[in-house]
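Trainee: The following block contains the structure, expressed as structure tokens.
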Amino acid sequence: MNYAGFGKRLVAFIIDSIIGFILGTFLGVLVGFLYGMTDGAAAKSEQELMTVSMNLGFLAYLLGNWLYFAGMESSSSQATLGKKYLGLCVADTDGDPINFGRATVRYIGKNVALLLFPLGPLIYTVSGLGGYMLAAFTPEHRALHDYIGGTVVLEQ
């Protein structure tokens, strides 16, 4: 198997982060706005309306990101748009395509630092980067989320 190098994975990550941010933000704003236009009248105060709208928007943001990454990596292309652009794909450790469930576990693995360390952005950033940085030092260029999901990233 031809494992994708750290540099290509990093560029794909940057592209996909931008796409995921745009998609997630669009969904988040849309859901928050729709809530404000529909159930918002039932809110007891403007503060409650803003809080609920922002929380629903954040959940929509997370949902959009999850569906983008897990959906694309479990599709026939086996790749997000960033990976596809660079000729990469996600596979299991035998080189076979992954299903949506495994892609979901891989996605959750990307956010494991957030789930385990809800103490603030600094801890999330440092521990998250450490998980991604594994790809620079392991023989198969696997990051923490690849080990959690039982996946590898290959050059096509």
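Trainee: With every protein chain kept in the model, how would you rank Y147, Y35 by accessible area, 1.4 Å probe, largest at the top?
Mentor: Y147, Y35
Trainee: Right, something else. What FRET efficiency comes out for the pair F100/L23, r = Cβ-Cβ distance, R0 = 22 Å, nearest 0.05?
Mentor: 0.80
Trainee: Could I have the simple spin-label model distance between M37 and S77, label points 7 Å from Cα toward Cβ, reported in nm to one decimal?
Mentor: Result for the modelled spin labels: 3.0 nm.
Trainee: Same structure again: Along region 70-76, what does the Karplus equation 6.51 cos²θ - 1.76 cosθ + 1.60 (θ = phi - 60°) give for ³J(HN,Hα), rounded to whole Hz, x for Gly and Pro?
Mentor: Couplings: 5, x, 5, 6, 9, 7, 5 Hz.
Trainee: If you rank L88, L59, L30, L49 by how much accessible surface each has, with a 1.4 Å probe, what is the order from largest down?
Mentor: Ranked from most to least accessible, the order is L59, L30, L49, L88.
Trainee: Let me ask you something else. Separation between the V11 and L30 pseudo-spin-labels, each 7 Å from Cα along Cα→Cβ, expressed in nm?
Mentor: 3.1
Trainee: How large a share of the accessible area of region 43-90, in percent, is made up of carbon and sulfur atoms when the probe is 1.4 Å and the other protein chains stay in place?
Mentor: 68
Trainee: Just to check I understand the Karplus step: with θ = phi - 60° and J = 6.51 cos²θ - 1.76 cosθ + 1.60, what whole-Hz values come out for region 87-95, glycine and proline as x?
Mentor: The phi angles translate into x, 10, 8, 9, 9, 6, 5, 8, x Hz.
Trainee: For T151, which sequence-distant residues (separation of 5 or more, or a different chain) have an amide H within less than 5 Å of its own amide H, given hydrogens modelled in the peptide plane?
Mentor: none
Trainee: Put K8, K84, K110 in order of accessible area, largest first, 1.4 Å probe: what do you get?
Mentor: The ordering from most to least exposed comes out as K84, K8, K110.
Trainee: Can you tell me the accessible area per residue over region 48-112, all protein chains present, probe 1.4 angstrom, in square angstrom?
Mentor: Value for region 48-112: 48 Å² per residue.
The values are calculated or read from the model by the stated rules, or taken from the named source; none is laboratory data. Computed from a predicted model, the values in this text were never measured in an experiment. Heads up, the Cβs are rebuilt from the backbone with ideal geometry, glycines too, and the neighbour counts pull from every protein chain shown. These accessible areas exclude ligands, DNA and RNA; they are computed on the full protein's heavy atoms, side chains included. Shrake-Rupley method; radii C 1.70, N 1.55, O 1.52, S 1.80 Å.
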